[in-house]
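Notes follow once the structure below has been shown.
What follows is calculated from the coordinates using simple rules that are stated; it is not laboratory data. Here the structure is a predicted model, which is why all the values come from computation and not from measurement. No Cβ is skipped: glycine too gets one built from the backbone with ideal geometry, and neighbour counts run over all protein chains shown.
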Amino acid sequence: MGRINGVNSDYKMIGGAIGKVEPNPANLELKLFLCPYEQHNELEAETGTCAGIDTVCPNPGPKLGHALLHLSQTEGITLKTDGGTTLQLHQNAGPTPGLIAMTPAGGKVRVNGAMELVAGGHTISMTPSATGVALQHTNGAKLDFKVGGAMEIVAGGQSITITQSAAGITLQHTNGSKVVFKPNGNLDLITNNNTGTVNIQGNLVVSGTLSRNGSPV
């Protein structure tokens, strides 16, 4: 018995002694794991053994504190801790070829630093900074989450910034034109320097008062 353990698929306790498994198992495996409670492993006993995870540890008392590194010919490489938190690198074969799967018992995965997603010749980078977090495509398109709560969408050399304040939610283009959604339900369309033109292609139906500079038209 020991707190640091290593077992493999080719040898185990057979009839009271360590013996070679015959015929060779179809799946070649190696397990290195911690068991804080010094339970038997498969090289020390034929039953009642620990395999490095809390759900199968035979210790009658506490079961927390296990950690497992599992190398498998068919499944790839698996890192596992208590509660089922798992990082698995699948072999490039089988039902999930080349897949990297993270399963956090806590319900989320934290990445401290920048991250890149590359697929099909495209790259999306996620970059944190003192001003916020930016998601950017290789073509220059970008979604920027600002620290103060604003959000900026950039594409084709133009951008739209979304900000929130007591006056409402504002969508503003780099050319200065903007749309303001006000808390009282009003909607403002503002062109650059109040001199631009709002084009309506189609019918305009007004249910209410149409005014110019505060005076009914």
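What does the net charge come to around G6 if you take all other residues with beta carbon closer than 14 Å to its beta carbon, with K and R at +1 and D and E at -1?
That sum, taken over residues with Cβ under 14 Å, equals -1.
So, in nm, how far is label L28 from label A114 when the simple model puts each one 7 Å beyond its Cα toward the Cβ?
For L28 paired with A114, the spin-label model returns 4.0 nm.
Go ahead and set up a Gaussian network model of the chain, Cα springs under 10 Å, then flag whichever of H137, H70, H122 fluctuates most.
With Cα springs under 10 Å in the chain, the top fluctuation among H137, H70, H122 is at H122.
Of the trypsin sites (Lys or Arg not before Pro) in the stretch 41-111, which ones lie in a loop per DSSP and count no more than 14 other C-beta atoms within 10 Å?
Here the trypsin sites (Lys or Arg not before Pro) that fit, given the DSSP loop and packing criteria, are K108, R110.
Within the set of other residues whose C-beta is less than 14 Å from the C-beta of A130, count the net charge using Lys and Arg as +1 and Asp and Glu as -1.
Summing Lys/Arg as +1 and Asp/Glu as -1 gives 0.
Given a Förster radius of 35 Å and the C-beta distance between I153 and Q91 as r, what FRET efficiency does 1/(1 + (r/R0)^6) yield to the nearest 0.05?
That gives a FRET efficiency of 0.30.
Give me the mean projected area, in nm² to one decimal, of the convex hull enclosing the Cα positions of the chain.
22.1
Out of H173, L69, A101, whose Cα points farthest toward the positive end of the dipole of the chain (charges: +1 Lys, Arg; -1 Asp, Glu; placed on Cβ)?
H173
Between K182 and L143, how high is the FRET efficiency from 1/(1 + (r/R0)^6) when r is the Cβ-Cβ distance and R₀ = 30 Å? Nearest 0.05.
Between K182 and L143 the formula returns 0.75.
With the chain treated as a Gaussian network of Cα nodes joined by springs under 10 Å, which of L34, L189, L69 yields the largest mean-square fluctuation?
L189
Over 14 Å, how big is the tail of the calculated P(r) for the stretch 29-75, in percent of all Cα pairs?
47
Considering only lysines 8 or more places apart in sequence, or on different chains, count the pairs in the chain whose C-alpha atoms sit under 21 Å apart.
Pairs that pass both the separation and distance tests number 9.
Pick from I153, I162, I200: which is most flexible by mean-square fluctuation in a GNM of the chain where alpha carbon atoms under 10 Å apart are linked?
Taking springs between Cα atoms under 10 Å, the residue moving most is I200.
Give, as a single signed number, the net charge of other residues whose beta carbon lies under 11 Å from the beta carbon of I53, with Lys and Arg counted +1 and Asp and Glu -1.
Cβ neighbours under 11 Å give a net charge of +1.
Note down the magnitude of the dipole of the chain about its Cα centre, charges +1 on Lys and Arg C-beta and -1 on Asp and Glu C-beta and zero elsewhere, to the nearest 20 debye.
So the magnitude is around 1000 debye.
Could you list the square roots of 5 times each eigenvalue of the Cα gyration tensor of the stretch 1-125, that is, the equivalent ellipsoid semi-axes, sorted largest first and rounded to whole Å?
Working through the eigenvalues yields semi-axes of 32, 20, 9 Å.
How big is the charge dipole of the stretch 1-118 about its Cα centre, in debye rounded to the nearest 20, if each Lys and Arg gets +1 on its Cβ and each Asp and Glu gets -1 on its Cβ?
320
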